[in-house]
Amino acid sequence: MEDLIKGRLGGADGYDIRCVIDGDKIVGRAGGKLHGKDIELEITERGVQGTVGAESVKIELEAGELRGNVGSQKLTLRGVDRVTGFFGQPIVGWNVVAQQQGEHLSGQLGSTVLGRVFELDLGSAPGWVGTLVAVVAFYALEPRASVSA
């Protein structure tokens, strides 16, 4: 079964996201041809692993939450259709909030002033998958997201 996740991170001055879901694999790109990163993720029995650009992604299901790392940053996500969590280090980090309505997901990374909104069409994918793709794209394309605290 093949499905498509597509949308935008950061509104008008942001980036396009386009990924194909084929079975347990999510493959696509965030950004354009000149400024973009490839995304390759696989959903496993224990969580999600893969790469974004040259950085690794490893997240495992632990006590009802997805916990792990996207590159050098820590990530915690909770929920399926309504997803909340935190990305980054305790002092320099971003709250994650997203809500799925049918095949549409809308969310926010960080505050309303300094954060980035995202809007994705999910196809039949659950909201947590779209939220994870948005966080991975944010890490890959935003210089401030990959800075270690």
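The values are calculated or read from the model by the stated rules, or taken from the named source; none is laboratory data. Keep in mind that what you see is a predicted model, and the values were worked out from it rather than measured. With ideal geometry, Cβ positions are generated from the backbone for all residues, glycine too; neighbour counts draw on all protein chains shown. Surface accessibility is based on the protein's heavy atoms, side chains included, excluding ligands, DNA and RNA. Shrake-Rupley method; radii C 1.70, N 1.55, O 1.52, S 1.80 Å.
Take residue 86: with every protein chain present and a 1.4 Å probe, its accessible area is about 70 Å².
Percent of accessible area on the range 58-105 owned by carbon and sulfur, 1.4 Å probe?
Heavy-atom surface of the range 58-105 belonging to carbon and sulfur, 1.4 Å probe: 52 percent.
Across the chain, the longest piece that holds none of the trypsin sites (Lys or Arg not before Pro) lying in DSSP loops with up to 12 other C-beta atoms within 10 Å covers 47-149. Over the chain, DSSP H runs of length four or greater, each weighted -39,500 (n - 2.57), average out per residue to a 222 nm ellipticity of -3500 deg cm²/dmol.
Evaluating 6.51 cos²θ - 1.76 cosθ + 1.60 at θ = phi - 60° for every residue in the range 97-103, the Karplus couplings come out as 9, 8, 9, 8, 10, x, 8 Hz, glycine and proline recorded as x.
For the range 1-76, the list of GluC sites (Glu not before Pro) that fall in a loop by DSSP and count at most 16 other C-beta atoms within 10 angstrom reads 45. Computed extension length for residue 16-residue 99: 28.0 nm, one decimal, from 0.36 nm per residue of separation with the Cα-Cα distance subtracted. For the range 41-89, the per residue solvent-accessible surface stands at 52 Å², with DNA, RNA and ligands left out and a 1.4 Å probe.
Heavy-atom accessible area with a 1.4 Å probe sorts 139, 15, largest first, into 15, 139.
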